[in-house]
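Asks: Sharing a structure here in structure tokens format.
Coordinate-derived values only; no laboratory data. Remember, it's a predicted structure, so these values are computed and weren't measured experimentally. Note that we place each Cβ from the backbone using ideal geometry, even for glycine, and neighbour counts take in every protein chain shown.
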Amino acid sequence: MTREAPPHFEVLVIGGGPAGMAAAARAAECGARVGIVDDNFRLGGQIWRGQSCDGQRDETTDTEASTWAERMHRSGVTSLCGLRVVHQPNPGALLAENLDGFRELGYQKLVLATGARERLLPFPGWTLPNVMGAGGLQAMVKCGLPIRGKRVIVAGTGPLLLAVAAYFRQHGAEIPVMCEQAPWASLAWLGLCLSGWPAKLLQGLQLKRNLAGVPFAANSWPLAAHGSRTLDRLTISRAGRTETIACDYLACGFHLVPNLELALLLGCAVGDGCVRVDDFQQTTVSPVFCAGEPTGVGGVELALIEGQIAGLAAVERTTEARALFGARQRARRFARLLDRTFRLRSELRHLSSPDTIVCRCEDVSYSRLQQHATWRSAKLHTRCGMGPCQGRVCGPATQLLFEWKPDSVRPPVFPARIETLAAISGHSRPEHSEVPGEHR
Amino acid sequence: MPSHALTTQVTVMVNGAPIVVPLGATVAVAVVLAGQACRTSVSGEPRGPLCGMGICYECRVAIDGIPHSRGCQVLCKQGMEVSSEK
């Protein structure tokens with residue numbers, strides 16, 4: 001059902017993944033008028049992609065995803081999907097764009113739940129078609145790409161790799177090898193620590209069972225992708241030996257980096273690559289709360305807890321929010337354990353050859369970037385990070401490669417159409433009041 | 001969504017050739033299934049989808065004449081015209 005949304009929300013949530021859905025549901029259940037905006041065409045974020053998050057159930061639905069979707073639905077949250085926030089023209093208002101136009105959204109309290117993206121690192125051949133992020137290829141498969149019978153190498157680091165590999169296998173792919181850059185010792189230590197987290201241990205064992213027979217190589221990472229117009233072979237460093245393996249796809253991601261752009265645009269303080277929040281998930285900008293991966297990558301469990309705290313705090317239900325502090329602390333400890341386990345090894349800083357493209361938008365090579373001391377200098381002289389992705393891919397990569405610090409963020413935070421830019425500069429008012437894809 | 005809906009298909013045109021994709025497939029999936037690059041980079045390399053979630057802009061194509069559309073964020077509709085960006 002399409003209907004016009006109220007132009008103003010008491011609580012507006014940006015990002016429809018677990019943190020955003022939990023925040024929206026908890027705030028709306030307290031009687032607030034709540035809207036939730038997501039760039040994707042459906043709610044659920046990346047982790048619940050492909051599952052029914054419109055309040056209906058089917059046999060493939062994660063019960064947690066459908067539970068939160070139902071709670072949102074029942075409490076009357078307005079969902080605005082396929083809508084991307086590009087700017088805050090003035091405090092209390094955001095400008096958002098979709099394929100058909102742009103619109104302004106008003107808010108009293110804002111919850112940022114903008115999630116994370118994969119850290120993608122350059123190596124020779126990584127720009128070939130069919131080399132994708134690990135979660136990237138999984139998203140494509142969830143969106144209809146058939147991989148039955150395809151040879152998919154899964155590489156990179158982090159707990160996502162196991163889940164992704166199990167998913168591909170379940171959908172009929174052959175996995176010649178899984179390459180995890182972390183050393184065996186770190187993985188063994190994680191295994192030992194998991195005894196303190198029985199639910200996680202169970203999850204891990206289940207994944208291991210689903211991956212029976214798949215070669216798992218620790219101390220291993222991609223060295224070069226080969227192919228003429230598309231990927232056909234991958235050379236890896238496998239526990240000290242070099243090996244080349246035929247494959248149809250490479251799914252390669254080096255854990256996650258928080259999406260901070262919107263928080264930075266709104267002036268929220270950031271430290272150590274994360275949005276700084278207080279106990280109630282409130283940022284340094286008073287009506288703005290933040291939950292989930294932007295406050296520190298911690299996975300779905302932590303995101304749900306933080307989202308709930310943010311949603312409750314935004315409607316001043318501090319007692320109920322406080323009741324979740326203990327659970328949050330425990331989930332944060334687990335996140336820190338994962339950070340230590342999957343710390344990136346220094347070899348990954350030296351995979352590029354001189355002509356390896358680092359900035360894919362502007363085709364800036366490693367050797368051209370080596371001539372610069374800072375991100376700003378590289379941007380000004382080579383256009384690195386100045387293309388459509390605005391440094392979302394090469395920014396985290398150059399942070400690892402050259403230890404460059406990211407710059408401030410300027411509007412629009414995503415490429416926007418000229419009408420939207422005109423609205424930003426105040427020459428025009430939004431004309432579109434009805435947004436396709438909107439439903440209650 | 002009832003499970004039979006998943007087997008329903010739509011046909012889109014990718015660079016002028018018809019491609020049949022499952023209902024619910026994104027434009028990026030259709031382009032990969034067509035064996036085509038989404039775009040040609042500034043130095044002339046073929047590029048395909050990378051992040052799958054609307055961040056990297058590698059899958060941008062023209063959709064029904066609208067240039068620079070992210071293929072991974074748009075669902076295929078019957079008869080849609082998709083063309084690679086040069």
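Asks: Taking N as the number of residues in the range A:304-427, what is its alpha-carbon radius of gyration divided by 2.2 N^0.38 Å?
Replies: That ratio works out to 1.48.
Asks: How large is ³J(HN,Hα) for each residue in the range B:27-32, as worked out from phi by the Karplus curve 6.51 cos²θ - 1.76 cosθ + 1.60 (θ = phi - 60°), to whole Hz, x for Gly and Pro?
Replies: Each residue's phi maps through the Karplus curve to give 4, 4, 4, 4, 5, 5 Hz.
Asks: Could you work out how far apart the two model spin labels at A:A327 and B:K77 are, taking each label as a point 7 Å from the Cα in the direction of the beta carbon, and quote it in nm?
Replies: In this crude label model, A:A327 to B:K77 measures out at 4.1 nm.
Asks: In addition: Can you figure out the FRET efficiency of A:H8 with A:D100, using R₀ = 22 Å and their beta-carbon distance, to the nearest 0.05?
Replies: Taking R0 as 22 Å, the efficiency between A:H8 and A:D100 is 0.55.
Asks: Binning every alpha carbon pair distance of the range A:264-314 at 5 Å from zero, what are the percents per bin?
Replies: Going from the shortest bin to the longest, the percentages are 5, 24, 33, 24, 12, 1.
Asks: Right, another one. Please compute the modelled spin-label separation between B:K86 and A:A185, points set 7 Å along Cα→Cβ, answer in nm with one decimal.
Replies: Placing both labels 7 Å along Cα→Cβ, they lie 5.7 nm apart.
Asks: Taking amide H positions as placed 1.01 Å from N in the peptide plane, with prolines and chain starts having none, which residues 5 or more places from A:G45, or on another chain, fall under 5 Å of its amide H?
Replies: For A:G45, whose amide H was placed from the backbone, the distant partners under 5 Å are A:G16, A:G17.
Asks: On a full-extension model of 0.36 nm per residue, what is the gain between A:T242 and A:A373, subtracting their alpha-carbon distance, rounded to one decimal in nm?
Replies: That pair, A:T242 and A:A373, stretches by 43.9 nm at full extension.
Asks: Hey, how much of the P(r) for the range A:346-402 falls beyond 14 Å, as a percent of Cα pairs? Write out the running numbers ahead of the final one.
Replies: Working: 733 of 1596 pairs.
Result for the distance tail: 46 percent.
Asks: Turning to a different aspect of this structure: Of the options A:G17, A:A93, A:I47, report the single residue whose Cα projects farthest towards the positive end of the charge dipole of chain A (beta-carbon charges: Lys, Arg +1; Asp, Glu -1).
Replies: In chain A, that residue is A:I47.
Asks: Run through all the Cα pairs of the range A:187-324 and give the fraction in each 10 Å bin from 0, expressed as whole percent.
Replies: 10, 25, 24, 24, 14, 3, 0
Asks: What is the gain in length, in nm to one decimal, between A:Q206 and A:L400 on full extension, counting 0.36 nm per residue of separation less the C-alpha to C-alpha distance?
Replies: On the way: separation 194, 0.36 × 194 = 69.84 nm, distance 3.29 nm.
Residue separation times 0.36 nm, minus the Cα-Cα distance, leaves 66.6 nm.
Asks: Compactness ratio of chain A: Cα Rg over 2.2 N^0.38 Å, N = residue count? Working shown, then result.
Replies: Details: Rg = 21.7 Å, N = 440, 2.2 N^0.38 = 22.2 Å.
So the Cα radius of gyration is 0.98 times the expected 2.2 N^0.38 Å.
Asks: Still on this structure: From zero up to wherever the largest Cα-Cα distance of the range B:3-84 sits, split into 5 Å bins and tell me the percent of pairs in each.
Replies: Final binned percentages: 3, 18, 28, 26, 15, 7, 2, 1, 0.
Asks: Same structure, new question: Convert each backbone phi in the range A:235-252 into a coupling constant with the Karplus relation 6.51 cos²θ - 1.76 cosθ + 1.60 (shift: θ = phi - 60°), then list the ³J(HN,Hα) values in order as whole Hz, x for Gly and Pro.
Replies: 9, 10, 9, 10, 6, x, 9, 9, 8, 10, 10, 6, 7, 9, 9, 10, 10, 9
Asks: A:A239's amide H: which non-local residues (gap 5+, or another chain) put their own amide H closer than 5 Å, with H modeled 1.01 Å from N in plane and none for Pro or chain starts?
Replies: Correct list: A:S220, A:W221.
Asks: Could I ask something else about it? Given Cα pairs under 8 Å that are at least 6 residues apart, what percent is the relative contact order of the range B:3-84? Present the calculation step by step, with values, prior to reporting the outcome.
Replies: On the way: 173 pairs, mean separation 28.8, N = 82.
Answer for the range B:3-84 is 35 percent.
Asks: Now a separate question. Amide H neighbours of A:A173 under 5 Å, counting only residues 5+ apart in sequence or on other chains, H built in-plane at 1.01 Å?
Replies: A:G149
Asks: Could you give the size of the charge dipole of the range A:176-266 about its Cα centre, using +1 on the Cβ of each K and R and -1 on the Cβ of each D and E, expressed in debye and rounded to the nearest 20? Show your work: numbers first, answer last.
Replies: Working: 7 positive and 5 negative charges, 51 e Å.
Roughly 240 debye, rounded to the nearest 20.
Asks: Determine, from the Cβ-Cβ distance of B:M13 and A:R417 and an R0 of 25 Å, the FRET efficiency 1/(1 + (r/R0)^6), rounded to the nearest 0.05. Mind dumping the intermediate values first?
Replies: Working: r = 24 Å, r/R0 = 0.96.
Given R0 = 25 Å and the Cβ-Cβ separation, E is 0.55.
Asks: Residue separation times 0.36 nm, minus the C-alpha to C-alpha distance between A:A335 and A:E316: what's the value?
Replies: Working: separation 19, 0.36 × 19 = 6.84 nm, distance 2.74 nm.
Once the chain is fully extended between A:A335 and A:E316, it gains 4.1 nm.
Asks: How high is the relative contact order of chain A, in percent, with contacts defined as C-alpha pairs under 8 Å that are six or more residues apart?
Replies: Relative CO of chain A lands at 21 percent.
Asks: Principal axis extents for the range A:120-254, Cα atoms only, whole Å, descending order, please.
Replies: That gives 48, 35, 25 Å along the principal axes, largest extent first.
Asks: Now for a separate question. Summing -39500 (n - 2.57) over the DSSP H runs of n ≥ 4 in chain A and dividing by its residue number, what mean residue ellipticity at 222 nm do you reach, to the nearest 500 deg cm²/dmol?
Replies: Roughly -9000 deg cm²/dmol at 222 nm, from the helical runs in chain A.
Asks: Quick one: dipole size for the range A:232-381, taken about the Cα centre, charges +1 on Lys/Arg Cβ and -1 on Asp/Glu Cβ, in debye to the nearest 20.
Replies: Roughly 540 debye for the range A:232-381.
Asks: Separate question: Place +1 on the Cβ of every Lys and Arg and -1 on the Cβ of every Asp and Glu in the range A:119-219, take the dipole about the Cα centre, and give the residue among A:I153, A:W126, A:A212 whose Cα lies farthest towards its positive end.
Replies: After comparing all options, I get A:A212.
Asks: Another one. Below 8 Å, C-alpha to C-alpha, sequence gap of six or more: please give me the relative contact order for the range A:346-402 in percent.
Replies: That works out to 32 percent.
Asks: So the label point goes 7 Å from the Cα of B:T40 along Cα→C-beta, right? Which residues of the range A:340-360 then have their backbone N under 19 Å from it?
Replies: Of the residues in the range A:340-360, A:360 have backbone N under 19 Å from the label point off B:T40.
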